[in-house]
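A.B. asks: Dropping the structure in here first, questions after.
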Amino acid sequence: MNSNKDSSVVLPQPSMEQTQKNGSIVFDYHKLQKQANLPTEFIWPNLELAQEELREPLIDLHGFLSGDERATAEAIDLVRGACVNHGFFQVINHGVDASLLKAAIEETDSIFKLPLERKLSIPIKTGLAKGYAGAHAGRFTTNLPWKETFTFNYHEKDAEPLFVDYFKSVFGQDFERKRWIYQKYCQAMWKLSGVLFELLAMSLGVDRKHYKKFFEDGYSIVRFNFYPPCKNSALTLGTGPHYDPNSLTILHQEQVEGLEVFSNNKWQTIRPRSDALVINIGDTFVALSNGLYKSCLHRAVVNGERERRSLAFFVNPKADNVVKSRTT
Ligand SMILES: C=C1C[C@]23C[C@H]1CC[C@H]2[C@]1(C)CCC[C@@](C)(C(=O)O)[C@H]1[C@@H]3C(=O)O
Ligand SMILES: O=C(O)CCC(=O)C(=O)O
Ligand SMILES: [Fe+2]
(Lines give C-alpha, C1' and ligand atoms only; values in the text may rest on other atoms or scores of the structure.)
(Ligands and ions follow the chains in the order given, each with its own letter.)
Protein backbone atom coordinates (compact mmCIF):
# COMPACT_ATOMS: atom_id res chain seq x y z
CA MET A 1 0.00 0.00 0.00
CA ASN A 2 1.35 3.43 -0.79
CA SER A 3 2.94 4.47 2.49
CA ASN A 4 3.08 8.17 1.83
CA LYS A 5 -0.03 9.10 3.70
CA ASP A 6 0.90 12.48 5.08
CA SER A 7 -1.67 14.47 6.95
CA SER A 8 0.39 17.69 6.59
CA VAL A 9 -0.93 20.34 4.26
CA VAL A 10 0.21 19.72 0.69
CA LEU A 11 2.48 22.66 -0.12
CA PRO A 12 2.43 24.34 -3.57
CA GLN A 13 5.05 22.73 -5.83
CA PRO A 14 6.49 25.44 -8.14
CA SER A 15 7.54 22.69 -10.58
CA MET A 16 3.97 21.67 -11.16
CA GLU A 17 1.48 23.85 -13.01
CA GLN A 18 -1.57 23.64 -10.79
CA THR A 19 -4.29 25.57 -9.14
CA GLN A 20 -4.54 25.17 -5.41
CA LYS A 21 -7.89 24.26 -3.97
CA ASN A 22 -8.20 24.08 -0.16
CA GLY A 23 -4.54 23.03 0.08
CA SER A 24 -4.64 20.02 -2.21
CA ILE A 25 -2.95 19.69 -5.59
CA VAL A 26 -5.22 19.48 -8.62
CA PHE A 27 -4.33 16.72 -11.15
CA ASP A 28 -4.79 18.29 -14.60
CA TYR A 29 -2.95 15.93 -16.91
CA HIS A 30 -3.69 18.04 -20.00
CA LYS A 31 -1.51 20.74 -18.42
CA LEU A 32 1.01 18.30 -16.97
CA GLN A 33 1.49 16.57 -20.32
CA LYS A 34 2.60 19.90 -21.84
CA GLN A 35 5.43 20.21 -19.31
CA ALA A 36 8.87 18.99 -20.44
CA ASN A 37 9.49 17.09 -17.21
CA LEU A 38 7.26 15.04 -14.98
CA PRO A 39 6.68 16.85 -11.65
CA THR A 40 8.77 15.17 -8.94
CA GLU A 41 5.63 14.18 -7.02
CA PHE A 42 4.83 11.67 -9.78
CA ILE A 43 8.31 10.16 -10.06
CA TRP A 44 8.50 6.72 -8.42
CA PRO A 45 12.01 5.53 -7.42
CA ASN A 46 13.76 2.45 -8.83
CA LEU A 47 11.08 1.34 -11.27
CA GLU A 48 11.86 -1.80 -13.22
CA LEU A 49 9.41 -2.75 -15.95
CA ALA A 50 8.04 -6.29 -16.27
CA GLN A 51 9.89 -8.39 -18.84
CA GLU A 52 7.50 -11.33 -19.04
CA GLU A 53 3.89 -12.42 -18.64
CA LEU A 54 2.40 -14.05 -15.58
CA ARG A 55 1.28 -17.59 -16.36
CA GLU A 56 -2.07 -17.25 -14.63
CA PRO A 57 -4.72 -19.83 -15.66
CA LEU A 58 -7.67 -18.91 -17.86
CA ILE A 59 -10.63 -20.70 -16.29
CA ASP A 60 -13.71 -21.44 -18.41
CA LEU A 61 -16.68 -21.22 -16.01
CA HIS A 62 -19.19 -22.62 -18.52
CA GLY A 63 -18.83 -26.23 -17.34
CA PHE A 64 -18.78 -25.29 -13.66
CA LEU A 65 -21.92 -23.17 -14.07
CA SER A 66 -23.72 -26.01 -15.87
CA GLY A 67 -22.71 -28.60 -13.25
CA ASP A 68 -20.42 -30.60 -15.51
CA GLU A 69 -18.37 -32.71 -13.09
CA ARG A 70 -15.21 -33.01 -15.17
CA ALA A 71 -15.15 -29.28 -15.95
CA THR A 72 -15.80 -28.49 -12.28
CA ALA A 73 -12.90 -30.69 -11.19
CA GLU A 74 -10.65 -28.98 -13.74
CA ALA A 75 -11.74 -25.50 -12.60
CA ILE A 76 -11.10 -26.44 -8.97
CA ASP A 77 -7.58 -27.62 -9.77
CA LEU A 78 -6.79 -24.47 -11.75
CA VAL A 79 -8.12 -22.16 -9.04
CA ARG A 80 -6.21 -23.98 -6.31
CA GLY A 81 -2.97 -23.90 -8.30
CA ALA A 82 -3.29 -20.16 -9.03
CA CYS A 83 -4.28 -19.20 -5.49
CA VAL A 84 -1.48 -21.06 -3.72
CA ASN A 85 0.99 -19.46 -6.13
CA HIS A 86 0.01 -15.82 -6.58
CA GLY A 87 -3.74 -15.45 -6.16
CA PHE A 88 -4.52 -14.31 -9.71
CA PHE A 89 -6.55 -16.03 -12.43
CA GLN A 90 -8.78 -15.02 -15.34
CA VAL A 91 -12.29 -16.32 -16.06
CA ILE A 92 -14.22 -16.64 -19.34
CA ASN A 93 -17.85 -17.67 -19.93
CA HIS A 94 -18.48 -15.98 -16.60
CA GLY A 95 -22.07 -15.10 -17.40
CA VAL A 96 -21.63 -11.31 -17.43
CA ASP A 97 -23.13 -9.82 -20.58
CA ALA A 98 -20.45 -8.59 -23.00
CA SER A 99 -22.44 -5.49 -24.01
CA LEU A 100 -22.86 -4.56 -20.33
CA LEU A 101 -19.09 -4.88 -19.79
CA LYS A 102 -18.46 -2.69 -22.84
CA ALA A 103 -21.00 -0.07 -21.73
CA ALA A 104 -19.57 -0.01 -18.21
CA ILE A 105 -16.07 0.82 -19.47
CA GLU A 106 -17.30 3.37 -22.03
CA GLU A 107 -19.64 5.16 -19.60
CA THR A 108 -16.68 6.08 -17.40
CA ASP A 109 -15.79 8.65 -20.09
CA SER A 110 -18.90 10.59 -19.07
CA ILE A 111 -17.30 10.93 -15.62
CA PHE A 112 -13.57 11.37 -16.35
CA LYS A 113 -14.13 13.62 -19.40
CA LEU A 114 -16.22 16.08 -17.36
CA PRO A 115 -14.70 19.58 -17.04
CA LEU A 116 -12.09 19.61 -14.27
CA GLU A 117 -14.05 21.99 -12.05
CA ARG A 118 -17.09 19.70 -12.33
CA LYS A 119 -15.03 16.65 -11.30
CA LEU A 120 -13.55 18.52 -8.37
CA SER A 121 -17.08 19.25 -7.18
CA ILE A 122 -17.58 15.51 -6.57
CA PRO A 123 -15.88 15.36 -3.17
CA ILE A 124 -14.01 12.23 -2.17
CA LYS A 125 -15.47 11.37 1.20
CA THR A 126 -12.37 10.07 2.95
CA GLY A 127 -13.04 7.12 5.20
CA LEU A 128 -16.11 6.27 3.17
CA ALA A 129 -14.59 5.31 -0.19
CA LYS A 130 -16.74 7.62 -2.29
CA GLY A 131 -16.33 10.26 -5.01
CA TYR A 132 -13.81 11.59 -7.52
CA ALA A 133 -10.05 11.87 -6.94
CA GLY A 134 -7.19 12.94 -9.21
CA ALA A 135 -3.76 11.50 -8.29
CA HIS A 136 -5.19 11.06 -4.79
CA ALA A 137 -4.33 14.72 -4.35
CA GLY A 138 -4.43 15.71 -0.73
CA ARG A 139 -3.83 12.15 0.50
CA PHE A 140 -0.21 11.71 -0.48
CA THR A 141 2.63 14.16 -1.13
CA THR A 142 5.06 11.92 -3.05
CA ASN A 143 4.65 8.84 -5.23
CA LEU A 144 1.43 10.27 -6.62
CA PRO A 145 -0.43 7.84 -8.89
CA TRP A 146 -0.93 8.99 -12.51
CA LYS A 147 -4.65 8.32 -12.52
CA GLU A 148 -8.10 9.60 -11.77
CA THR A 149 -10.56 7.52 -9.81
CA PHE A 150 -14.28 7.45 -9.11
CA THR A 151 -15.31 5.29 -6.16
CA PHE A 152 -18.56 4.27 -4.47
CA ASN A 153 -19.85 1.56 -2.17
CA TYR A 154 -22.37 -1.06 -3.36
CA HIS A 155 -24.67 -2.99 -1.05
CA GLU A 156 -26.50 -5.70 -2.96
CA LYS A 157 -29.47 -5.59 -0.62
CA ASP A 158 -29.64 -1.83 -0.42
CA ALA A 159 -28.68 -0.46 -3.82
CA GLU A 160 -31.41 2.13 -4.38
CA PRO A 161 -30.05 4.89 -2.07
CA LEU A 162 -26.70 4.67 -3.83
CA PHE A 163 -27.90 4.61 -7.41
CA VAL A 164 -30.79 7.03 -7.00
CA ASP A 165 -29.79 9.47 -4.25
CA TYR A 166 -26.01 9.50 -4.62
CA PHE A 167 -25.80 9.27 -8.42
CA LYS A 168 -28.58 11.88 -8.83
CA SER A 169 -26.78 14.21 -6.40
CA VAL A 170 -23.49 13.78 -8.27
CA PHE A 171 -24.53 13.56 -11.93
CA GLY A 172 -27.82 15.46 -11.98
CA GLN A 173 -30.12 14.75 -14.93
CA ASP A 174 -27.40 12.57 -16.53
CA PHE A 175 -27.68 10.05 -13.69
CA GLU A 176 -30.32 7.79 -15.18
CA ARG A 177 -28.05 6.24 -17.84
CA LYS A 178 -25.26 5.68 -15.29
CA ARG A 179 -27.73 4.27 -12.81
CA TRP A 180 -29.02 1.77 -15.36
CA ILE A 181 -25.56 0.64 -16.46
CA TYR A 182 -23.84 0.53 -13.08
CA GLN A 183 -26.70 -0.98 -11.13
CA LYS A 184 -26.79 -3.87 -13.64
CA TYR A 185 -22.99 -4.02 -13.66
CA CYS A 186 -22.74 -4.23 -9.85
CA GLN A 187 -25.55 -6.82 -9.69
CA ALA A 188 -23.71 -8.94 -12.27
CA MET A 189 -20.40 -8.58 -10.41
CA TRP A 190 -22.02 -9.49 -7.10
CA LYS A 191 -23.63 -12.56 -8.67
CA LEU A 192 -20.26 -13.59 -10.16
CA SER A 193 -18.59 -13.14 -6.77
CA GLY A 194 -21.07 -15.70 -5.38
CA VAL A 195 -20.06 -18.16 -8.13
CA LEU A 196 -16.38 -17.57 -7.40
CA PHE A 197 -16.87 -18.07 -3.65
CA GLU A 198 -18.48 -21.44 -4.39
CA LEU A 199 -15.55 -22.42 -6.60
CA LEU A 200 -13.05 -21.19 -3.97
CA ALA A 201 -14.86 -23.12 -1.22
CA MET A 202 -14.73 -26.33 -3.27
CA SER A 203 -11.06 -25.74 -4.05
CA LEU A 204 -10.43 -25.56 -0.28
CA GLY A 205 -12.50 -28.62 0.48
CA VAL A 206 -15.21 -26.81 2.45
CA ASP A 207 -18.95 -26.77 1.86
CA ARG A 208 -19.57 -24.92 -1.42
CA LYS A 209 -21.98 -22.47 0.26
CA HIS A 210 -19.59 -21.72 3.16
CA TYR A 211 -18.21 -18.41 1.88
CA LYS A 212 -21.34 -17.42 0.01
CA LYS A 213 -23.18 -17.38 3.36
CA PHE A 214 -20.35 -15.43 4.99
CA PHE A 215 -20.62 -12.72 2.32
CA GLU A 216 -24.42 -12.67 2.24
CA ASP A 217 -24.84 -9.16 3.71
CA GLY A 218 -21.51 -7.99 2.40
CA TYR A 219 -20.73 -4.96 0.29
CA SER A 220 -18.35 -3.88 -2.42
CA ILE A 221 -16.11 -0.92 -3.00
CA VAL A 222 -16.47 -0.10 -6.70
CA ARG A 223 -13.46 1.73 -8.14
CA PHE A 224 -13.24 3.16 -11.66
CA ASN A 225 -9.61 3.81 -12.64
CA PHE A 226 -8.75 6.14 -15.52
CA TYR A 227 -5.08 6.24 -16.51
CA PRO A 228 -4.31 9.07 -18.98
CA PRO A 229 -1.35 8.52 -21.30
CA CYS A 230 1.92 9.86 -19.87
CA LYS A 231 4.91 10.73 -22.07
CA ASN A 232 7.20 9.93 -19.13
CA SER A 233 5.37 6.64 -18.51
CA ALA A 234 8.55 4.79 -17.44
CA LEU A 235 9.05 7.18 -14.49
CA THR A 236 5.61 6.93 -12.88
CA LEU A 237 2.89 4.46 -11.89
CA GLY A 238 -0.89 4.51 -12.33
CA THR A 239 -1.48 2.52 -9.15
CA GLY A 240 1.39 1.87 -6.77
CA PRO A 241 2.44 -1.58 -5.55
CA HIS A 242 -0.19 -2.84 -3.13
CA TYR A 243 -2.11 -5.79 -1.81
CA ASP A 244 -5.88 -5.57 -2.07
CA PRO A 245 -7.06 -5.50 1.56
CA ASN A 246 -10.55 -6.85 0.72
CA SER A 247 -11.51 -10.50 0.14
CA LEU A 248 -11.90 -10.87 -3.61
CA THR A 249 -11.37 -8.46 -6.51
CA ILE A 250 -13.01 -8.72 -9.93
CA LEU A 251 -11.17 -6.50 -12.40
CA HIS A 252 -12.58 -5.55 -15.79
CA GLN A 253 -9.85 -3.94 -17.88
CA GLU A 254 -9.90 -2.69 -21.42
CA GLN A 255 -7.51 -4.09 -24.01
CA VAL A 256 -4.51 -2.03 -22.92
CA GLU A 257 -1.80 -3.67 -20.86
CA GLY A 258 -1.01 -2.19 -17.46
CA LEU A 259 -1.69 -4.63 -14.63
CA GLU A 260 1.49 -6.22 -13.26
CA VAL A 261 1.89 -8.81 -10.49
CA PHE A 262 5.00 -9.34 -8.35
CA SER A 263 5.53 -13.09 -8.31
CA ASN A 264 8.72 -15.22 -8.12
CA ASN A 265 10.65 -12.06 -7.27
CA LYS A 266 9.81 -10.21 -10.46
CA TRP A 267 7.11 -8.03 -11.98
CA GLN A 268 5.05 -9.87 -14.58
CA THR A 269 2.30 -8.53 -16.82
CA ILE A 270 -1.24 -9.85 -16.96
CA ARG A 271 -2.22 -9.87 -20.62
CA PRO A 272 -5.72 -8.40 -21.10
CA ARG A 273 -8.14 -10.85 -22.78
CA SER A 274 -11.24 -9.34 -24.37
CA ASP A 275 -13.67 -11.94 -23.00
CA ALA A 276 -12.05 -12.46 -19.60
CA LEU A 277 -12.29 -10.88 -16.17
CA VAL A 278 -9.25 -10.84 -13.85
CA ILE A 279 -9.85 -12.27 -10.38
CA ASN A 280 -7.50 -11.91 -7.43
CA ILE A 281 -7.50 -12.97 -3.80
CA GLY A 282 -7.28 -10.10 -1.26
CA ASP A 283 -5.74 -10.04 2.21
CA THR A 284 -9.03 -10.85 3.95
CA PHE A 285 -9.41 -14.10 2.02
CA VAL A 286 -5.88 -15.17 3.03
CA ALA A 287 -7.21 -15.41 6.61
CA LEU A 288 -10.39 -17.11 5.41
CA SER A 289 -8.24 -19.77 3.69
CA ASN A 290 -6.04 -20.39 6.77
CA GLY A 291 -3.16 -18.68 4.97
CA LEU A 292 -3.21 -21.30 2.21
CA TYR A 293 -4.08 -18.84 -0.56
CA LYS A 294 -1.96 -15.83 -1.50
CA SER A 295 -2.82 -12.15 -1.80
CA CYS A 296 -0.19 -10.83 -4.16
CA LEU A 297 1.55 -7.47 -4.57
CA HIS A 298 0.43 -5.85 -7.79
CA ARG A 299 0.44 -2.45 -9.50
CA ALA A 300 -0.66 -0.67 -12.68
CA VAL A 301 1.86 0.93 -15.06
CA VAL A 302 0.78 3.67 -17.48
CA ASN A 303 1.04 3.87 -21.24
CA GLY A 304 3.02 6.47 -23.20
CA GLU A 305 0.36 6.94 -25.88
CA ARG A 306 -2.92 5.29 -24.87
CA GLU A 307 -5.51 5.88 -22.17
CA ARG A 308 -6.39 2.87 -20.02
CA ARG A 309 -9.54 2.21 -18.01
CA SER A 310 -10.15 -0.49 -15.43
CA LEU A 311 -13.12 -1.20 -13.19
CA ALA A 312 -12.31 -2.91 -9.89
CA PHE A 313 -15.05 -4.56 -7.81
CA PHE A 314 -13.67 -5.11 -4.28
CA VAL A 315 -15.83 -7.63 -2.40
CA ASN A 316 -16.01 -7.42 1.38
CA PRO A 317 -17.96 -9.33 4.03
CA LYS A 318 -20.40 -7.43 6.25
CA ALA A 319 -18.34 -4.90 8.18
CA ASP A 320 -18.92 -6.55 11.56
CA ASN A 321 -18.35 -10.13 10.42
CA VAL A 322 -15.47 -11.66 12.34
CA VAL A 323 -12.83 -12.86 9.89
CA LYS A 324 -11.05 -15.83 11.40
CA SER A 325 -9.17 -18.74 10.01
CA ARG A 326 -11.12 -21.96 9.82
CA THR A 327 -10.24 -24.13 12.81
CA THR A 328 -10.51 -27.35 10.77
C1 LIG B 1 -10.03 -0.59 0.07
C2 LIG B 1 -9.37 -0.04 -0.93
C3 LIG B 1 -8.39 1.08 -0.81
C4 LIG B 1 -7.80 1.15 -2.24
C5 LIG B 1 -8.99 0.77 -3.08
C6 LIG B 1 -9.52 -0.45 -2.35
C7 LIG B 1 -8.58 -1.64 -2.61
C8 LIG B 1 -7.17 -1.24 -3.00
C9 LIG B 1 -6.68 0.09 -2.37
C10 LIG B 1 -5.57 0.81 -3.19
C11 LIG B 1 -5.89 0.72 -4.70
C12 LIG B 1 -4.19 0.24 -2.95
C13 LIG B 1 -3.13 1.17 -3.57
C14 LIG B 1 -3.22 2.59 -2.99
C15 LIG B 1 -4.63 3.21 -3.14
C16 LIG B 1 -4.64 4.53 -2.34
C17 LIG B 1 -4.86 3.61 -4.60
O18 LIG B 1 -3.89 3.72 -5.38
O19 LIG B 1 -6.02 3.86 -5.00
C20 LIG B 1 -5.66 2.22 -2.57
C21 LIG B 1 -7.16 2.51 -2.64
C22 LIG B 1 -7.57 3.70 -1.77
O23 LIG B 1 -7.16 3.78 -0.60
O24 LIG B 1 -8.29 4.56 -2.32
O1 LIG C 1 -5.94 -0.88 -12.93
C2 LIG C 1 -5.45 -2.00 -12.70
O3 LIG C 1 -5.12 -2.79 -13.59
C4 LIG C 1 -5.24 -2.46 -11.26
C5 LIG C 1 -5.91 -1.56 -10.25
C6 LIG C 1 -5.82 -2.14 -8.85
O7 LIG C 1 -5.08 -3.06 -8.57
C8 LIG C 1 -6.67 -1.56 -7.80
O9 LIG C 1 -7.37 -0.53 -8.07
O10 LIG C 1 -6.66 -2.16 -6.67
FE1 LIG D 1 -5.48 -3.85 -6.55
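The values are calculated or read from the model by the stated rules, or taken from the named source; none is laboratory data. It should be emphasised that the depicted structure is a prediction, and the values quoted were computed from it without experimental measurement. Note: ideal-geometry Cβ built from the backbone for every residue, glycine included; neighbour counts use all protein chains shown. What goes into the accessible areas is simple: the full protein's heavy atoms, side chains included, and nothing from ligands, DNA or RNA. Shrake-Rupley method; radii C 1.70, N 1.55, O 1.52, S 1.80 Å.
A.B. asks: For the stretch 19-96 and the stretch 240-272, what is the centre-to-centre distance using only Cα atoms, to the nearest Å?
C.D. replies: If you average the Cα positions of each part, the centres end up 3 Å apart.
A.B. asks: Right, here's the next one. Checking the cross-link filter: which aspartates and glutamates have an alpha carbon closer than 14 Å to that of residue 147, excluding same-chain neighbours under 8 positions apart?
C.D. replies: Those aspartates and glutamates meeting the cut-off are 28, 41, 109, 307.
A.B. asks: For residue 302, list long-range residues whose amide hydrogen, built 1.01 Å from N in the peptide plane, is under 5 Å from its own amide hydrogen.
C.D. replies: 238
A.B. asks: Turning to a different aspect of this structure: What distance in nm separates the two pseudo spin-label positions at residue 55 and residue 255, each 7 Å out from Cα along the beta-carbon direction?
C.D. replies: Using points 7 Å along Cα→Cβ, the separation is 2.6 nm.
A.B. asks: While we're on this one: Using helices alone, what [θ] at 222 nm do you get for the chain, with -39,500 (n - 2.57) per DSSP H run of 4 or more residues, divided over all residues and rounded to the nearest 500?
C.D. replies: Dividing the helical sum by the residues of the chain leaves -8000 deg cm²/dmol.
A.B. asks: Whole-Hz ³J(HN,Hα) for each residue in the stretch 85-92, computed from phi via Karplus 6.51 cos²θ - 1.76 cosθ + 1.60 with θ = phi - 60°, x for glycine and proline: what do you get?
C.D. replies: Per-residue couplings from phi come out as 8, 8, x, 10, 8, 10, 10, 10 Hz.
A.B. asks: What list of ³J(HN,Hα) values in whole Hz, one per residue of the stretch 70-81 in order, does the Karplus curve 6.51 cos²θ - 1.76 cosθ + 1.60 (θ = phi - 60°) give from phi, with Gly and Pro shown as x?
C.D. replies: Taking θ as phi minus 60°, the curve returns 5, 5, 5, 4, 5, 5, 4, 4, 5, 5, 4, x Hz for the stretch 70-81.
A.B. asks: Given a cut-off of 32 Å, name the pairs among 113/266; 130/213; 34/168; 125/157 whose C-alpha atoms lie farther apart than that in the structure shown.
C.D. replies: As for pairs spanning more than 32 Å Cα to Cα, those are 113/266; 34/168.
A.B. asks: Then there is this: Please compute the per residue accessible area over the stretch 16-316 with all protein chains in place, 1.4 Å probe, rounded to a whole number of Å².
C.D. replies: 42
A.B. asks: Subtracting the Cα-Cα distance from 0.36 nm times the residue separation, let me have the gained length for residue 158 to residue 290 in nm, one decimal.
C.D. replies: In short, 44.4 nm is gained.
A.B. asks: Which ³J(HN,Hα) values, rounded to whole Hz and listed in residue order, are derived for the stretch 265-276 from phi using the Karplus coefficients 6.51, -1.76 and 1.60 in 6.51 cos²θ - 1.76 cosθ + 1.60 with θ = phi - 60°, glycine and proline given as x?
C.D. replies: Running phi through 6.51 cos²θ - 1.76 cosθ + 1.60 with θ = phi - 60° gives 6, 8, 7, 9, 7, 9, 5, x, 10, 4, 9, 10 Hz.
A.B. asks: Considering amide H positions built from the backbone, and no H for Pro or chain starts, which residues 5 or more places from residue 263, or on another chain, come under 5 Å of its amide H?
C.D. replies: Placed amide hydrogens put 268 under 5 Å from residue 263.
A.B. asks: Using only protein heavy atoms and a 1.4 Å probe, report how much of residue 59 is accessible, in Å² to the nearest 10.
C.D. replies: Surface open to solvent at residue 59 totals about 0 Å².
A.B. asks: As I understand it, the value is the acute angle between the Cα axis of helix 98-107 and the longest principal axis of the Cα atoms of the chain; what does it come to in degrees, rounded to 10?
C.D. replies: That helix lies at roughly 20 degrees to the long axis.
A.B. asks: Using R₀ = 35 Å, calculate the FRET efficiency as 1/(1 + (r/R₀)^6) where r is the Cβ-Cβ separation of residue 273 and residue 320; round to 0.05.
C.D. replies: The calculated FRET efficiency here is 0.40.
A.B. asks: Tell me the angle of helix 175-203 to the major Cα principal axis of the chain, expressed in degrees between 0 and 90 and rounded to the nearest ten.
C.D. replies: Taking the Cα atoms of the chain, the angle to 175-203 is about 40 degrees.
A.B. asks: Of 146, 44, which has the most accessible area and how do the rest follow, probe 1.4 Å?
C.D. replies: 44, 146
A.B. asks: Taking springs between alpha-carbon atoms closer than 10 angstrom, which of 115, 161, 272 fluctuates most in the Gaussian network model of the chain?
C.D. replies: 115
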